[in-house]
1. Anything in region 105-162 that is open to solvent by 70 Å² or more (accessible area, probe 1.4 Å), without any contact (Cβ under 8 Å) to a residue 12 or more places away in the chain and in a helix (DSSP H, G or I)? List them, or say none.
2. Any chance you could count how many residues in region 253-279 are more than 30 Å from Arg12 (Cα to Cα), open to solvent by 50 Å² or more (accessible area, probe 1.4 Å) and either among the hydrophobic types (A, V, I, L, M, F, W, C) or part of a loop (DSSP other than H, G, I, E, B) (or both)?
3. Output the qualifying pairs, or none if there are none: Cβ atoms under 6 angstrom, residues six or more apart or on different chains, first residue in region 264-288 and within 26 Å of Leu55 (Cα to Cα), second residue assigned to a helix (DSSP H, G or I) and modelled with pLDDT under 90.
4. For region 244-263, indicate whether the set of residues that are under 22 Å from Leu73 (Cα atoms) and among the β-branched types (Val, Ile, Thr) is non-empty.
5. Do we find a residue being buried (at least 17 other Cβ atoms within 10 Å of the Cβ) and assigned to a helix (DSSP H, G or I) anywhere in region 230-242?
6. Could you check region 196-223 and list, in sequence order, the residues that are modelled with pLDDT of 95 or more and either among the polar types (S, T, N, Q) or surrounded by 15 or more Cβ atoms within 10 Å (Cβ to Cβ) (or both)?
7. Across region 76-104, what is the total count of residues that are surrounded by 15 or more Cβ atoms within 10 Å (Cβ to Cβ) and either assigned to a loop (DSSP other than H, G, I, E, B) or over 16 Å from the mean Cα position of the chain (by Cα) (or both)?
8. If Gln220 satisfies all but one of (1) farther than 18 Å from Gly85 by Cα; (2) assigned to a loop (DSSP other than H, G, I, E, B), what's the number of the condition it fails?
Amino acid sequence: MAKKAQATPSVRDALRVPPGAAGVPLEPGSRPVGPRARADGAEAMAATGARLAELQEALYAEGVTGGHRSVLLVLQGMDTCGKDGTIKHVCGQVNPQGLHIAAFKKPTKAELRHHFLWRIRRRAPAPGMIGVFNRSHYEDVLVARVNALVPEHVWQGRYDEINEFEAELTAAGTTIVKCFLHISAEEQKERLIARLRDPAKQWKYSPDDLDARDHWAEYQEAYAAALARCSTVDAPWYVIPADRKWYRNWAVSNLLLETLEELKPQTPTPGFDPQAELARLRGSGQPG
């Protein structure tokens, strides 16, 4: 009897971090699902982009006409992991009118006077939108932890606060897709060297990048803790192997696609008779 072929796992199943996972479950250079070669990835991206644009337009139409659903894409990772590149190549496939991109840098003095989630809540996506967080509320259990910006009991308590916040968003109709763009120290070094050698990219380099590299192990420990404690059923983390840029882009595109396919956004039925309106239009604006 022929052996039954095993079903290919979905991208979400292959990349999802189980709640309470120990460590980061995938390697930065792995390809656990999907294309094995860059050319195949580029071909697949073209098909994915067309379907993403179609579904995003339907989601946006839902929001405009009274729907409450939205999607939030969270991008986290070490410097050079490709957050900007992911936004360009993945989110650039859809209508920018339906996108809301928020980049969270070092908090300002005004922001520091508020609760750490204050500035995050203000940038949550509106109904019908795909929101993108370039860095996010997780900075407050990553940078704050590694650099001891707050006492340990403060950042320890933030994991539960983050889970509660994300549960609120989910209950209000936002589907959260959290991506850890997982890059190796060796690949980061090569990308930093490339930045320094290219005058057109030197502006992207910061001496602070090397300070963070000095704490690489501490950051990996902090990311592992965030994934373990904040990968929930409603708001799971996904590990995106990011040493290959093309694979990173393919993986995030397909995470979004599977998410939107599951949501099944529908273009609303108009509250008027299209045929009657066509008849009116044909008879309108006649000369004389």
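The values are calculated or read from the model by the stated rules, or taken from the named source; none is laboratory data. Not measured: the values here are computed from a predicted model. In this analysis, Cβ positions are derived from the backbone assuming ideal geometry, glycine residues included, and neighbour counts consider all displayed protein chains. The accessibility values were calculated without ligands, DNA or RNA, using every heavy atom of the protein model including side chains. Shrake-Rupley method; radii C 1.70, N 1.55, O 1.52, S 1.80 Å.
1. Residues satisfying the conditions are Lys109, Leu112, Trp118, Glu152, His153, Asp160.
2. 7
3. Note: no pairs meet the criteria.
4. Scanning region 244-263 turns up at least one residue that is under 22 Å from Leu73 (Cα atoms) and among the β-branched types (Val, Ile, Thr).
5. Taking every residue of region 230-242 in turn, at least one turns out to be buried (at least 17 other Cβ atoms within 10 Å of the Cβ) and assigned to a helix (DSSP H, G or I).
6. Scanning region 196-223 gives Tyr219, Gln220, Ala222, Tyr223.
7. Summing the residues that are surrounded by 15 or more Cβ atoms within 10 Å (Cβ to Cβ) and either assigned to a loop (DSSP other than H, G, I, E, B) or over 16 Å from the mean Cα position of the chain (by Cα) (or both) in region 76-104 gives 9.
8. It fails just one condition, (2).
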